[in-house]
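Each value in this text was obtained by applying a stated rule to the coordinates, not by laboratory testing. Quick caveat: nothing in here was measured; it's all calculated off a predicted structure. FYI the Cβ positions are ideal-geometry reconstructions off the backbone, even for glycines, and counts take in every protein chain you see.
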Amino acid sequence: MLAQETIINELKKRFKPEAARDITANYLINIKGAGGGAWLTKIDCGTLSFEPYQDGLSPAYDCKVSIDAEDLAMIIDGKMSAMTAALSGVLSIEGELGMAMKLVPVFFEG
């Protein structure tokens with residue numbers, strides 16, 4: 001199981017600016033379970049930032065992605081694809097599905 005700082009650091013390492021150059025969006029990444037937390041993830045034309053999400057204080061988000069910490073660790077370890085997680089309901093999406101799918105090449109493919 002990964003601690004939330006480890007998960008965020010891993011996502012930062014995996015970030016592909018070239019895959020995000022046409023994306024300007026705020027995502028709420030909600031990691032449930034032990035080591036979880038909520039992070040406002042800002043992608044702006046190839047740049048990335050994370051900040052802890054505070055309901056009512058953080059800027060609005062365009063899309064919310066929720067996943068259990070253990071399932072996210074499986075995706076990060078390559079034991080499950082992000083697409084499989086989304087299609088099987090392991091990963092839940094609130095908002096536009098297409099916007100959430102933009103995260104796959106940004107963090108998980110290539």
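Please indicate, with yes or no, whether at least one residue in region 21-44 is touching a helix residue (DSSP H, G or I) at 6+ places or on another chain (Cβ under 6 Å), more than 12 Å from PHE108 (Cβ to Cβ) and among the aromatic types (Phe, Trp, Tyr).
no
If you take the residues in region 27-51 that are surrounded by fewer than 19 Cβ atoms within 10 Å (Cβ to Cβ) and among the polar types (S, T, N, Q), which one is nearest to SER92 (Cα to Cα)?
Result: ASN30.
How do the helices (runs of 4 or more DSSP H) wholly within region 25-110 filter down when requiring 3 or more residues that are touching a residue at least 40 places away in the same chain (Cβ under 8 Å), hydrophobic (A, V, I, L, M, F, W, C) and closer than 18 Å to GLU5 by Cα: which remain?
Hits in region 25-110: 69-76.
Select from region 58-82 the residues that are in contact with a strand residue (DSSP E or B) (Cβ under 9 Å, 6 or more places away or on another chain) and farther than 14 Å from LYS32 by Cα and write down the one among them that is surrounded by the fewest Cβ atoms within 10 Å (Cβ to Cβ). Quick ask: steps written out before the conclusion?
Within region 58-82, the subset in contact with a strand residue (DSSP E or B) (Cβ under 9 Å, 6 or more places away or on another chain) is 58-69, 71-72, 75, 82.
Filter once more, keeping what is farther than 14 Å from LYS32 by Cα: 58-63, 75, 82.
On the way: SER58: 15, PRO59: 9, ALA60: 7, TYR61: 20, ASP62: 14, CYS63: 21, ILE75: 20, ALA82: 22.
Checking each candidate, the answer is ALA60.
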